[in-house]
Each structure stands twice: as structure tokens, then as C-alpha cells.
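Q: Next up is a structure, given as C-alpha cells.
What follows draws every value from the coordinates through simple rules; no lab data is involved. All values derive from a computational prediction rather than experimental measurement. No Cβ is skipped: glycine too gets one built from the backbone with ideal geometry, and neighbour counts run over all protein chains shown.
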Amino acid sequence: MKLYKFLSGLFIAGLILNAQAKDQAIVIKFSHIAAPDTPKGKAAEHFKKLAEQYTKNKIKVEVYPNGKLIKDKDEMDALQKGDVQMLAPSLSKLAPLGIKEFEIFDMPYIFNDYKDLHGITRGQVGKDLFNRLEVKGILGLAYWDNAFKQMSANKPLRKPDDFKNLKMRIQSSKIIDLQMQSLGATPVVIPFIEVYKALQTKTVDGTENSISNFYTQNIHEVQKFLTLTNHGYLGYAVIANKKFWDKLPDDVKNDLTKAMTEATDFANDIAKKENDDALAKVKASGKTEIIELTAEEKAALKKAMITSHDKQDIIPKAFLRWWLCGDKC
Ligand code: LMR
């Protein structure tokens with residue numbers, strides 16, 4: 001009986017100690033606006049798992065998907081104030097901080113393929129862009145891919161003329177605005193989590209996005225046609241509140257950096273498959289017709305959309321030249 005009491009006392013003490021240790025864990029609130037079942041949603045969960053494992057629960061990561069905690073437009077403010085410690089906004093959403101060069105990622109047809117893109121995000125340009133965030137109190141941790149974007153509407157979109165007078169939802173980006181105008185469409189900025197409703201109520205006629213976002217936001221229920229244009233890129237910057245990060249003990253910082261490196265490989269490895277799977281699910285739903293363009297149709301859309309490159313005055317021309325050909329021109 002005595003032994004039983006002793007052991008149960010030990011057990012209870014253990015529980016209390018464990019609870020105290022948990023209470024003392026440093027909490028990272030990681031907010032994002034995509035669904036859990038997307039490349040970004042899955043990678044955020046993967047980072048949580050690794051971060052807690054490597055820090056032996058000294059860190060607790062709370063992931064808030066679907067804009068549940070912070071809405072699109074309030075994300076940066078919340079990060080800078082320290083209401084959340086981590087975010088993974090699309091790259092366009094960093095431009096309003098005053099670092100408009102981030103909108104270069106939105107330029108249609110600026111990347112031929114992932115090799116081109118990763119040359120930038122994994123190279124000096126990617127680092128330089130992140131360095132510019134630091135004066136804003138933000139630390140750039142990693143670039144995560146989603147995919148190249150596609151266009152949708154309730155009519156087939158094959159040629160520039162098909163876009164005329166359509167109201168197209170965009171995320172806030174002057175470059176994407178110009179891109180839609182170059183097709184004769186009217187761009188309308190709408191927060192991501194309101195896109196389904198906006199399409200359903202015909203506030204807008206169409207949209208562009210990655211197929212994983214298209215499927216997980218149920219856009220296939222309210223759009224009859226999805227054209228595989230691959231005209232522009234959608235990717236993310238994983239960012240942290242710099243003051244918060246700098247104050248972390250060195251061993252924790254190292255563990256988190258390791259977790260982030262692995263989560264980034266994971267994110268970029270699954271992105272293509274997640275989007276391929278989403279395309280298969282859209283097809284299987286039978287609700288949205290998938291349009292594959294001929295080479296001529298692709299060329300005509302490209303010709304129209306790249307006129308936005310010349311019209312833009314957001315990205316300094318010298319930066320654009322450096323971006324496109326580095327030291328070679
Ligand atoms: C959007 O607004 O379309 C994107 O930023 C959504 C996302 O994947 O974060």
C-alpha cells in the first residue's frame with residue numbers, strides 16, 4: 001500500500017513537472033491563410049513537428065491556417081507588433097512593406113521553369129530581398145513554392161479577347177493588376193478567404209491561382225473552366241518577428257534553423273505533387289472543364305501579358321536587368 005502511494009505520488013509529481021515544462025515552452029504562433037491540405041499548410045505542420053522534436057518541446061508551434069487567427073491584410077501588422085511570431089505570406093504581400101521589388105515574382109512569364117526560379121530564391125537575389133526585410137523588424141527564413149498559376153472563369157479562356165471586360169480577382173499586387181489590364185480584364189483585389197463567395201455571388205467573374213488553392217477553396221464549384229496558363233508564379237516567404245527570433249537562446253535558434261531547412265525541402269518537394277493531385281481532383285469533380293492551350297494560344301496570351309513588363313514602373317529597370325541577366329549585362 002505504501003509503495004503504491006509512493007509510486008502514485010511520483011506519478012503525480014511527474015505530471016505536474018511535465019505540465020510546468022509545457023507551460024514554460026516558448027510559443028510560436030504561425031499564422032497563414034491557406035487550407036491545411038495545401039503545400040503551405042502541410043509544410044507549416046511539418047515545421048511544427050520538427051521544431052518541437054528538435055527543441056525537445058522547448059518550443060511549441062501553434063499553426064493557425066485559413067486566416068483563422070489573422071486575416072490577409074492584417075498579417076504584416078500582426079507580425080511586426082508581435083501578435084504572431086511567424087507567417088508565410090505570398091511574395092506579393094511583402095511589397096506593401098515598401099519593398100516593392102518582391103512584386104517581381106508576380107511578373108508574368110518572368111521564369112521559364114523551376115530551375116530559373118530556384119536560381120533566384122536560392123541565390124544572392126533571394127538573400128538580398130530578405131536582407132531588406134530586416135529594417136522592418138522581419139526576418140526572412142525561407143522561400144516555399146506553391147506553383148505556377150492558372151486562370152479560371154465561367155467561360156473558356158483561350159485568347160486575350162476572352163478576358164475582355166471580365167472582373168478578375170487578384171491578390172493585392174500592382175504587377176498582377178497590370179497583367180490583368182493587359183488582357184483587357186478588370187482586376188479586383190479581394191482577400192483570399194473571400195474568393196469563393198465573391199465568385200459565387202458574381203462579384204467577380206474569374207480568378208487566377210495555383211490549382212491546389214483552386215481545389216482546396218472549392219473554386220471548382222463556382223467556376224466552369226480552368227485554363228492551364230502557367231503564366232505566373234505563386235510562392236511564399238516564411239518570415240518571423242526579428243526581435244522575437246533574436247532573443248531566442250542560441251541552441252533553440254539552431255534547432256529551429258535545422259527544422260526550417262528540412263521543412264523547406266519538404267515544402268518544395270511536395271508542391272508539385274500536391275498541385276498535380278489537386279488537378280486530378282478538379283477533373284474528377286466533373287464540375288470544371290480543364291483547358292489545355294495550343295502552342296499558338298500560349299504564345300498569344302504571353303504576348304499580351306508581357307506588355308505589362310514595359311508598363312510597370314514598380315521594379316526599377318536596373319534591378320530588372322540585374323534579375324534577368326546578373327552581371328552579364
Ligand atoms: C492569394 O491571396 O491568392 C494567395 O496569397 C493565397 C496563398 O496561397 O497564400
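Q: Quick one: divide the alpha-carbon radius of gyration of the range 157-257 by 2.2 N^0.38 Å and tell me what you get.
A: Working: Rg = 18.2 Å, N = 101, 2.2 N^0.38 = 12.7 Å.
Against the compact-globule rule of thumb, the ratio is 1.43.
Q: Counting alpha carbon pairs within less than 8 Å and at least 6 residues apart, what relative contact order, in whole percent, applies to the chain? It would help to have the intermediate numbers written out before the result.
A: On the way: 562 pairs, mean separation 80.2, N = 329.
Relative CO of the chain lands at 24 percent.
Q: Using Cα-Cα distances under 8 Å and only pairs 6 or more residues apart, what relative contact order does the range 177-255 have, in percent?
A: Result for the range 177-255 is 20 percent.
Q: Quick check: net charge around E208, other residues with Cβ under 11 Å of its Cβ, Lys/Arg +1 and Asp/Glu -1?
A: Numbers: positive: K149, R169; negative: D106.
Neighbourhood net charge equals +1.
Q: Write down the Å³ per residue value for the convex hull defined by the alpha carbon atoms of the range 42-116.
A: Looking at the range 42-116, the number lands at 133 Å³ per residue.
Q: When the chain is fully extended, how far beyond the present Cα-Cα distance does W322 get from E134, taking 0.36 nm per residue of separation? Write down the numbers at each step before the final one.
A: Numbers: separation 188, 0.36 × 188 = 67.68 nm, distance 2.20 nm.
The span from W322 to E134 would gain 65.5 nm if fully extended.
Q: Cα-based Rg of the range 178-329 per 2.2 N^0.38 Å, rounded to two decimals? List each step's numbers first, then the result.
A: Numbers: Rg = 19.7 Å, N = 152, 2.2 N^0.38 = 14.8 Å.
Expressed relative to 2.2 N^0.38 Å, the Cα Rg reads 1.33.
Q: I'd like the distance separating the alpha-carbon centroids of the range 264-329 and the range 94-169, in whole Å.
A: Comparing the Cα centres of the range 264-329 and the range 94-169, I get a distance of 9 Å.
Q: Output the direction-averaged projected area (hull surface divided by four) of the convex hull of the alpha-carbon atoms of the range 164-212, in nm².
A: 3.3 nm²
Q: Now for a different question. Quick one: in the range 262-329, what % of C-alpha pairs are over 13 Å apart?
A: When all Cα pairs of the range 262-329 are counted, 79 percent exceed 13 Å.
Q: Scan around K60 for amide H atoms under 5 Å from its own, H built in the peptide plane at 1.01 Å from N, and keep only partners 5 or more places away or cross-chain.
A: Placed amide hydrogens put I26, V27, I28 under 5 Å from K60.
Q: Right, something else. To the nearest 20 Debye, how big is the dipole of the range 215-329 about its Cα centre, given +1 on the beta carbon of each Lys and Arg and -1 on that of each Asp and Glu? Provide the component values of the computation, followed by the final result.
A: On the way: 18 positive and 18 negative charges, 87 e Å.
Dipole magnitude for the range 215-329 comes out near 420 debye.
Q: Once amide H atoms are placed 1.01 Å from N in the peptide plane, what residues at a sequence separation of 5 or more from A147, or on another chain, have their amide H within under 5 Å of its amide H?
A: Correct list: L234.
Q: OK, next. Straight distance only, please: which lysines reach the Cα of K71 with their own Cα at less than 17 Å, same-chain residues fewer than 8 apart left out?
A: Within the straight-line cut-off, K71 pairs with K29, K40, K81, K93, K197.
Q: Below 8 Å between Cα atoms, with a sequence gap of 6+, how large is the relative contact order for the range 22-181 in percent?
A: Working: 158 pairs, mean separation 34.6, N = 160.
RCO, the range 22-181: 22 percent.
Q: Using θ = phi - 60° and the Karplus form 6.51 cos²θ - 1.76 cosθ + 1.60, what ³J(HN,Hα) does each residue of the range 206-222 get, whole Hz, x for Gly and Pro?
A: Values per residue, Gly and Pro as x: x, 7, 10, 5, 6, 6, 5, 5, 4, 6, 6, 8, 6, 5, 4, 6, 10 Hz.
Q: Here's something else I'd like to know. Going by amide H atoms built from the backbone, whose H comes under 5 Å of the H on T186, apart from near neighbours?
A: For T186, whose amide H was placed from the backbone, the distant partners under 5 Å are N165, L166, K167, M168.
Q: Now for a separate question. Only four residue types carry charge here, +1 at the Cβ of Lys and Arg and -1 at the Cβ of Asp and Glu. Report the dipole size of the chain about the Cα centre in Debye, rounded to the nearest 20.
A: Working: 50 positive and 42 negative charges, 114 e Å.
Dipole of the chain, to the nearest 20 debye: 540 debye.
Q: Ordered by residue, what ³J(HN,Hα) values in Hz, to whole numbers, does the range 70-85 give under the Karplus form 6.51 cos²θ - 1.76 cosθ + 1.60, where θ = phi - 60° and Gly and Pro are x?
A: 10, 7, 2, 6, 9, 4, 5, 4, 5, 5, 5, 7, x, 6, 10, 9
Q: The range 40-198: D in µm²/s via Stokes-Einstein (Kirkwood Rh, Cα pairs, 4 °C, 1.567 mPa s)?
A: Numbers: Rh = 17.7 Å.
Calculated translational D: 73 µm²/s.
Q: Using the Cα atoms of the range 74-128 to build a convex hull, what is its mean projected area in square nanometres?
A: Averaged projected area of the range 74-128's Cα convex hull equals 4.3 nm².
Q: Which three numbers, in whole Å and largest first, are the semi-axes of the equivalent ellipsoid of the chain derived from its Cα gyration tensor as √(5λ)? Don't skip to the end; give the middle numbers.
A: Details: eigenvalues 328, 113, 55 Å².
Listed largest to smallest, the semi-axes of the chain are 40, 24, 17 Å.
Q: Then there's this: Pick out, from L157, F47, I26, the residue whose Cα sits farthest towards the positive end of the charge dipole of the chain, with +1 on the Cβ of Lys and Arg and -1 on the Cβ of Asp and Glu.
A: Going by the charge dipole, the pick is I26.
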